[in-house]
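Asker: Below are the structure tokens for one structure; questions will follow.
Derivation of every value follows stated rules applied to the coordinates shown; laboratory data play no part. Predicted model only: the values in this text are computed from it and were never measured. As a convention, Cβ positions derive from the backbone with ideal geometry for all residues, glycine included, and neighbour counts pool all protein chains shown.
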Amino acid sequence: MNILAIGDLQGCAQSLAELLQRADPTTQAALRFTGDLVNRGPDSLGALRRVMALGKRAVTVLGNHDLHLLAVATGIRQAHRTDTLDDILGAPDRDALIDWVRSRPLAHREGDYLLVHAGVLPQWSAEQVVELAGEVEAVLRGPDWVDFLRTMYGNEPASWRDELKGDDRLRLVVNALTRVRFIRPDGSMDFKLKDSASAAPSGWMPWFDAPGRRTADVTVVFGHWSTLGLVNRPNLLSLDTGCVWGGTLTAVRLEDRSVFQVRCPRARDPAGH
């Protein structure tokens with residue numbers, strides 16, 4: 001199967017249309033999105049609806065901005081000054097849009113590829129990532145999803161323990177899959193650093209460089225880290241190339257690792273990242 005993996009849209013619907021025309025003009029490829037379909041870009045509603053309209057042809061994992069949309073829609077969080085979610089929140093089919101978002105997976109395994117938004121912890125195998133993501137997905141898709149959102153935010157616990165339970169366990173899984181960039185060798189996470197991988201302070205490293213990382217036997221496909229940019233290694237694909245900041249929107253054809261990119265108009269000043 002021909003599969004295109006696509007980086008963070010963040011409301012850049014027109015850039016997605018241009019990218020698909022370039023990378024998949026016959027509309028035959030399966031599409032896999034790294035999350036953050038919405039927010040900060042000029043057309044969050046258009047981006048969301050376009051991906052929804054793709055039906056089973058497309059799979060997207062949840063990113064931190066997608067979860068933020070759920071929190072704002074339910075009144076759990078206030079909108080940020082830079083948010084561009086009003087068109088979704090005011091849409092006549094708002095409830096259907098929100099329900100579609102909350103039913104998306106946090107991780108997607110397909111053959112030798114593992115799709116997540118941000119990263120994984122070194123202790124987790126690919127199978128464990130999917131299982132842990134499934135624990136969160138079950139709550140988000142269930143009747144108590146709003147209650148879960150009230151407990152989802154926070155930076156603790158910052159490291160994995162098998163005995164973690166309840167809100168702490170679910171919060172850590174969400175943070176790893178949708179927020180992590182840098183970790184310590186023991187897998188403890190940092191949520192403040194947003195610089196490029198080469199700027200890691202002493203004692204920290206990109207999550208994917210952790211020694212003994214158990215997902216090194218698959219190709220982890222992710223976004224989230226615009227200052228990292230495109231990384232195309234045998235077992236790693238980083239696809240957030242900063243479209244919303246005036247960079248590019250990137251797709252990679254998994255079969256042969258062909259790269260397709262379109263330039264994006266700047267929707268946000270990178271200084272405000």
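Asker: I need the peptides 32-43, 65-76, 126-137, 189-200 ranked by packing, meaning the mean over residues of other C-beta atoms within 10 angstrom, with the highest value on top.
Answerer: Highest mean packing first, the order is 32-43, 65-76, 126-137, 189-200.
Asker: At what distance in nm do the modelled label points of Asp86 and Asp209 sit from each other, each positioned 7 Å from its Cα along Cα→Cβ?
Answerer: 4.2 nm
Asker: Sticking with this structure for a sec: Arg263 label point, 7 Å along Cα→Cβ, cut-off 19 Å on backbone N: hits in region 1-36?
Answerer: 12-23
Asker: Might you report the magnitude of the Cβ-based charge dipole of the chain about its Cα centre, with Lys and Arg at +1 and Asp and Glu at -1, to the nearest 20 debye? Display every interim value, and only then the final one.
Answerer: Working: 32 positive and 34 negative charges, 98 e Å.
Value, rounded to 20: 480 debye.
Asker: Given a Förster distance of 22 angstrom, what is the FRET efficiency for Ser202 paired with Ser159, based on the Cβ-Cβ distance and rounded to 0.05? Provide the component values of the computation, followed by the final result.
Answerer: Details: r = 18 Å, r/R0 = 0.84.
With a Förster radius of 22 Å, E is 0.75.
Asker: Taking the square root of 5 times each eigenvalue of the Cα gyration tensor, what semi-axes in Å does the equivalent ellipsoid of region 1-133 have, largest first?
Answerer: On the way: eigenvalues 112, 82, 30 Å².
Square roots of five times the eigenvalues give 24, 20, 12 Å.
Asker: Once fully extended, how much extra length lies between Ala79 and Arg141, figured as 0.36 nm per residue of separation less the alpha-carbon to alpha-carbon distance? Kindly include the intermediate steps, with their values, before the conclusion.
Answerer: Numbers: separation 62, 0.36 × 62 = 22.32 nm, distance 2.28 nm.
Result for the pair: 20.0 nm of gain on full extension.
Asker: Further question: So what is the relative contact order of region 119-260, in percent, for Cα pairs below 8 Å that sit 6 or more residues apart? It would help to have the intermediate numbers written out before the result.
Answerer: Numbers: 201 pairs, mean separation 29.3, N = 142.
Relative contact order comes out at 21 percent.
Asker: Along its principal axes, what span do the Cα atoms of region 123-194 show, with the longest given first and each in whole Å?
Answerer: 37, 26, 21
Asker: To continue, here is another question. Which order do peptides 100-108, 52-60 fall in by mean Cβ count within 10 Å, highest first? Display every interim value, and only then the final one.
Answerer: Values: 100-108: 20.3, 52-60: 13.8.
Highest mean packing first, the order is 100-108, 52-60.
Asker: Would you grab the residues whose amide H sits under 5 Å from the one on Glu110? Only those 5+ places off in sequence or on another chain, please, with H modelled 1.01 Å from N.
Answerer: Here Leu115 satisfy the definition.
Asker: Expressed as a rounded percentage, what relative contact order does the chain have, with Cα pairs under 8 Å and six or more residues apart? Write down the numbers at each step before the final one.
Answerer: On the way: 566 pairs, mean separation 61.2, N = 273.
Relative CO of the chain lands at 22 percent.
Asker: Also, quick follow-up: Return an integer: the convex hull volume of the alpha-carbon atoms of the chain, in Å³ per residue. Working shown, then result.
Answerer: Details: hull volume 32.6 nm³, N = 273.
Here the figure is 119 Å³ per residue.
Asker: Can you compute the helix-only [θ] at 222 nm over the chain? Use -39500 (n - 2.57) per DSSP H run of at least 4 residues, normalise by all residues, nearest 500 deg cm²/dmol. Before the final figure, lay out each step's value.
Answerer: Details: 8 runs with 80 residues, N = 273.
It comes out at -8500 deg cm²/dmol, rounded to the nearest 500.
Asker: Run the numbers on region 1-56 and let me know its relative contact order in percent, using alpha-carbon pairs under 8 Å that are six or more apart. Present the calculation step by step, with values, prior to reporting the outcome.
Answerer: Working: 77 pairs, mean separation 26.9, N = 56.
Relative contact order comes out at 48 percent.
Asker: Quick check: net charge around Ile183, other residues with Cβ under 11 Å of its Cβ, Lys/Arg +1 and Asp/Glu -1? Walk me through the numbers before you get to the answer.
Answerer: Details: positive: Arg181, Arg184, Arg213; negative: Asp186, Asp190, Asp209.
The answer is 0.
Asker: Here is a follow-up. Hey, what do the phi angles of region 176-192 turn into as Karplus ³J(HN,Hα) couplings, whole Hz, using 6.51/-1.76/1.60 and θ = phi - 60°, x for Gly and Pro?
Answerer: Values per residue, Gly and Pro as x: 5, 7, 10, 10, 5, 10, 10, 9, 8, x, 7, x, 5, 9, 10, 10, 9 Hz.
Asker: Enter the Cα centre distance for the pair region 201-224 and region 62-117, rounded to the nearest angstrom.
Answerer: 25 Å
Asker: Per residue and in Å³, how big is the convex hull formed by the alpha-carbon atoms of region 66-141? Let's see the in-between values first.
Answerer: Numbers: hull volume 9.2 nm³, N = 76.
Residue-normalised Cα hull volume stands at 121 Å³.
Asker: Quick one: P(r) of region 168-273 from all Cα-Cα pairs, 10 Å bins, percents rounded to integers, in order of increasing distance.
Answerer: All Cα pairs considered, the percentages come to 14, 41, 34, 11, 0.
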